[in-house]
1. Could you list the GluC sites (Glu not before Pro) in region 48-149 that lie in coil according to DSSP, counting only those with at most 16 other Cβ atoms within 10 Å of their Cβ?
2. How big is the dipole moment of region 112-244 about its Cα centre under a simple scheme where the beta carbon of each Lys and Arg is +1, that of each Asp and Glu is -1, and everything else is neutral? Debye, nearest 20, please.
3. Given the alpha-carbon gyration tensor of region 248-287, what are the semi-axes of its equivalent ellipsoid in whole angstrom, ordered largest first, with each equal to the square root of 5 times an eigenvalue?
4. What does the accessible area of ILE40 come to, in Å² to the nearest 10, when a probe of 1.4 Å is used?
5. Could you check how many percent of all C-alpha pairs in region 82-185 are farther apart than 15 Å?
6. Please go through region 201-285 and write out the GluC sites (Glu not before Pro) that DSSP classes as loop and that have at most 14 other C-beta atoms within 10 Å.
7. Taking Cα centroids, how far is region 72-132 from region 177-222 in Å?
8. On the accessible surface of region 63-150, probed at 1.4 Å, how many percent belong to carbon and sulfur atoms?
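The values are calculated or read from the model by the stated rules, or taken from the named source; none is laboratory data. All values reported here derive from a predicted model rather than from experimental measurement. For neighbour counting, all protein chains shown are included, and Cβ atoms are generated from backbone atoms with ideal geometry for every residue, glycine included. Just the protein is used for accessible areas: all its heavy atoms, side chains included, with ligands, DNA and RNA removed. Shrake-Rupley method; radii C 1.70, N 1.55, O 1.52, S 1.80 Å.
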Amino acid sequence: KNVLSVGASHSYGYDLARGQLGPSYVASFSSRGPTTDGRIAPDVVAPGKYILSAAARPNSPGACDPLDGDVPQAGENMEGLFSQAGSSMSAPLVAGAAALVRQYFEQGWYGDGTKDSGSYLNPSGALVKATLINGAQADIRGVDNGSGRITEVAAYDNNAGFGRVSLTDSLYVAGKTGVGFRFWDGERLFDGDVARTYEVTIDKSRGCDANDLSVTLAWIEEGSPPGCTKCLLNDLDLYVTERGKDSKVYHPNGRSIKDHSNNVERVVIDGAEDGSSYTIYVEAYNLNSLSQKYALVATGCFGGRTNTLGTAQNVFSSQSDGGGGSDSTNRAIIIVCASVGGVIVVCLCFALFRRHQQKSKKKEKEKKATQKKVAQKKATQKKATQNTKQKEKPHKNQKAEQKGKPHKKQTGESAAPESKLKRERPR
């Protein structure tokens with residue numbers, strides 16, 4: 001709970017392997033939360049697939065870099081360089097960012113955004129952690145599971161935690177970052193104390209154009225036993241109100257109530273307007289020990305100079321993928337290709353249908369012609385048969401007449417004696 005847990009996101013440009021979706025996506029192998037007691041994990045994410053690094057070659061004295069100046073592609077090795085993936089690659093990046101945060105305080109950059117404008121400060125671990133988390137950006141679009149399968153993510157979830165590490169959104173460097181920076185380190189609350197309050201006012205008079213006010217509270221407490229189901233021992237609470245709108249309370253970590261699980265709490269207020277004032281509250285809800293020290297960080301427009309580096313146009317805000325083209329462009333290309341492909345498929349199907357239809361018509365025509373020929377042939381045969389019968393009919397009638405004449409004669413001769421007998425019967 002006191003460490004800074006790091007997940008792995010995709011890299012950018014040449015460091016991407018074929019098929020990766022780009023730096024706005026979490027790598028599929030990156031471990032997810034929550035912890036056994038329900039705390040957010042990981043805290044932040046950073047590029048970890050793929051990262052170009054130095055390879056140890058103990059048996060090869062001298063320079064290890066490729067002599068031709070070339071570098072290995074994603075996932076490959078080349079002489080003294082290798083490209084690897086894993087949260088073991090993203091964690092060192094965050095460690096380097098943490099070292100820069102420490103240097104920022106030690107060299108006094110926190111005064112007015114220039115070196116030595118403030119006195120030397122040895123920041124606590126809680127301040128370094130709060131600074132990194134406070135500037136983390138929740139613009140991760142999903143978990144890239146490969147083959148186009150994406151798991152949706154949301155701010156404060158257990159895929160990307162508080163978001164991707166972004167030093168330009170964490171610290172104020174005059175003219176080179178877009179946010180003002182306020183911090184309070186080594187603050188202490190005793191059990192039973194009233195809430196401690198801090199005031200900040202949004203000031204965009206010198207060109208700062210940051211849209212949000214971000215406030216983060218972090219503290220380092222005693223360790224908890226392994227397997228604990230309630231690991232938080234000293235429960236501090238953070239909430240923010242806007243002056244004149246005290247009825248509206250901003251609670252941390254995307255919740256509508258206080259957080260009693262995490263020892264890092266963050267409030268982000270979207271669209272903080274110029275001139276608006278906010279009150280930050282830190283209270284001791286329930287302490288296991290007598291007191292608890294903490295660090296508090298706030299970023300927003302606090303009168304800083306405008307950013308002249310144009311860091312707002314980056315691969316995240318421009319919705320760009322890792323290959324250097326924008327997602328909208330890629331989507332447009334995909335849509336056009338899919339549309340053209342669809343039209344081609346429809347045309348092919350229509351052509352095949354017409355061809356099939358023509359063949360069917362031809363077969364039907366041939367069938368009708370064949371049937372017509374057969375019918376004509378049958379009709380011819382029938383007519384020939386009838387003609388033959390008509391020719392044979394007179395002969396039959398003649399024979400019938402010849403047979404019939406004698407019969408009638410005999411009948412006449414035999415009838416006479418019968419009638420004669422009838423006449424003679426009275427005698």
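1. Loop-located and lightly packed - GLU76.
2. Magnitude of the dipole: close to 380 debye.
3. So the equivalent ellipsoid measures 22, 12, 8 Å along its semi-axes.
4. 20 Å²
5. Of the Cα pairs, 68 percent sit more than 15 Å apart.
6. For GluC sites (Glu not before Pro) across region 201-285 that sit outside H, G, I, E and B with at most 14 neighbouring Cβ atoms in 10 Å, the list reads GLU222, GLU273.
7. When both Cα centres are located, 21 Å separates them.
8. Roughly 50 percent, rounded to a whole number.
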